[in-house]
1. Give, rounded to the nearest 20 debye, the magnitude of the charge dipole that the chain has about its Cα centre when Lys and Arg contribute +1 at Cβ and Asp and Glu contribute -1 at Cβ.
2. If Lys and Arg each add +1 and Asp and Glu each add -1, what is the summed charge of the other residues whose beta carbon sits under 13 Å from the beta carbon of A187?
3. By per-residue mean of other Cβ atoms within 10 Å, what is the highest-first order of 162-168, 152-158, 443-449, 319-325?
4. With an 8 Å Cα cut-off and a minimum separation of 6 or more residues, compute the relative contact order for the chain in percent.
5. Restricting everything to alpha-carbon atoms, can you work out Rg to Rh for region 1-99 with a Kirkwood hydrodynamic radius?
6. Can you work out the accessible area per residue across region 137-246, with the rest of the protein chains kept in place, probe 1.4 Å, in square angstrom?
7. At 1.4 Å probe size, with no ligands or nucleic acids counted, give the accessible surface of Y67 in Å², nearest ten.
8. Report the Rg/Rh value for region 222-310, based on alpha-carbon coordinates and the Kirkwood definition of Rh.
Amino acid sequence: MSADVVLAFVLVAVAVVVLAGWVAERTGLPAAALLTLAGIACSLLPVPVVALNPSFVLAFVIPPLLYSAALDSSLLDIRRNLGTVISLSVLLVLLTALAIGVGFAWFVGGATLAVGVAVGAAVAPPDPVAALAVARTSGLPVRLVTLIQGEGLLNDATALTLLAVAVAAETGDGFSTSAAVGHFLLAAVGGIIAGGVVAYGVRLLRHVAREPLTANAVSLATPYAAYLLAEQFHVSGVLAVVVTGLIIGHDAPRWVDSESRLQTGAVWRLADFLLQGLVFLLIGQQLPRILHGLQQYDAVTVLPAVAVTTGVLLLLRPLWLVLAHKLPAAVHTRLGTARGRGWAANALTGREVVALSWSGTRGVISLAAIFTVPLTKADGTPFPLRSLLVFCALVAVLVTLLGQGLTFAPLVRLLRLHASEADQAKLRNEARSASVHAALIRLAEIRDDDLDTDPRLIEHMREQLHVRLRRYQSRLDTLRAAGGHAASTSPEYEAGSRIRRAIIDAQRQELLRWRDAGRLPDTGLRVLERELDHEERLLPRK
């Protein structure tokens, strides 16, 4: 493929990603499903099709997506729900892979348990990129988003390690049960250690990488460093990236300055938007290639394989969640999924179980994983049913990504599980008020300790803080009066925000007039615009 063709494909792909985002924003449909359908449509047209390269996807595409998702996650929330997260990301993945393996061995001609476990391991983990792309647009409560995040971030390490074990068992590459267990534990522990080492190294660089552009460069390189370090020691690179992101996301507010934080956040939002779009397009484009490889099998082999794969995925997850939900509190305590007497209050409700059951969206990681299955075994014979395994993985991805993706938001609305905007706004304004109180205390200390400071300056700052505090308190009073049913706003609050934005717009227009009249150079305009942009971002939204 020539450079011109590659460039044309990239431009068309970006255009499709932007168009799908625009349609999703106006229709409420998930962009992930729209982009997958667009990829299928493109694959049927006479345009260049990009074949999925599993090594490239796992090494260059997945690390930044996982790292960005980990940065946006809460280490404390995941630790608070660690029992449930481990139940979904480890136990359910293992059980799903084993169930599909048994189903293949029983119902698919020519398949062994190891072959079935291989495809089961590939499709068992919900893709964090796909699942979060659906969950975040559905207005789920924070707790359910945390569970989906935690599961999606941690389950890939389990699945990819199990896939390697299954392939080794089928190819006869020195497989034994004890070695498989040891490999699994080594990969997990080694991935955690590698992630911690990279996170600590990034923390040491904070004094060197203080300039925003340098900080951005370090941030973009971090997931690749974690993945590469882990792969060099043959441990879980995926888990290393996730652990690095969780630690840095938790610690960064202590040592990242405001300008670097704003720029880095903008860079990662853009990277997420483009990479996620390209990933879902890539999924859809694989359909013709995979269908071509399926021609060597008859319907008697294909239909049971597809039925076992999709049936286990769609039925086992809700069954697992329902059974776990029905377990007595004493069993949860022994499993580590409870927190003493607070288990009943923290247990999932029936509606939350239903929503979580339908959130198991698979994505590009499943396809990349199944494409890593070798073409031949150690003795040179073809790997059994490889093309069929790839087709089953694609069907699982399409069924969950399109079927669950398109119906998840309506299901959430039907279950009335939307996050309470009023409660979130109330919490934010309580935190804002607390931060202003801390600022007033610090200002009083400065006034008492630094006698050379002009008292008028101190008084001016104190008045500004009190104005801000009164605004937050007014907002809180309105939210409390609403009873938590809606994020209502008072006319005064809305008017104040509208006036402040109108004032900032007037300042921008005046700066543009100065620039157009030749009185202000463009470099000066950009500096002053950035100041106004930061001022506008300080205006509370709710």
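The values are calculated or read from the model by the stated rules, or taken from the named source; none is laboratory data. Computed from a prediction, not measured in an experiment: that's the story for all the values here. No Cβ is skipped: glycine too gets one built from the backbone with ideal geometry, and neighbour counts run over all protein chains shown. When the accessible area is computed, the model is the full protein with side chains, heavy atoms only, and any ligands, DNA or RNA have been set aside. Shrake-Rupley method; radii C 1.70, N 1.55, O 1.52, S 1.80 Å.
1. Values: 47 positive and 41 negative charges, 266 e Å.
Roughly 1280 debye, rounded to the nearest 20.
2. Details: positive: none; negative: D156, E231.
Within the 13 Å Cβ shell, the charges total -2.
3. The densest-packed peptide leads the list: 152-158, 162-168, 319-325, 443-449.
4. Working: 678 pairs, mean separation 110.5, N = 542.
Averaging sequence separation for qualifying contacts and normalising by length gives 20 percent for the chain.
5. Working: Rg = 18.3 Å, Rh = 17.0 Å.
My calculation puts Rg/Rh at 1.08.
6. Working: 4650 Å² over 110 residues.
Each residue of region 137-246 exposes 42 Å² on average to a 1.4 Å probe.
7. 0 Å²
8. Details: Rg = 20.4 Å, Rh = 17.2 Å.
Here the Rg-to-Rh quotient is 1.19.
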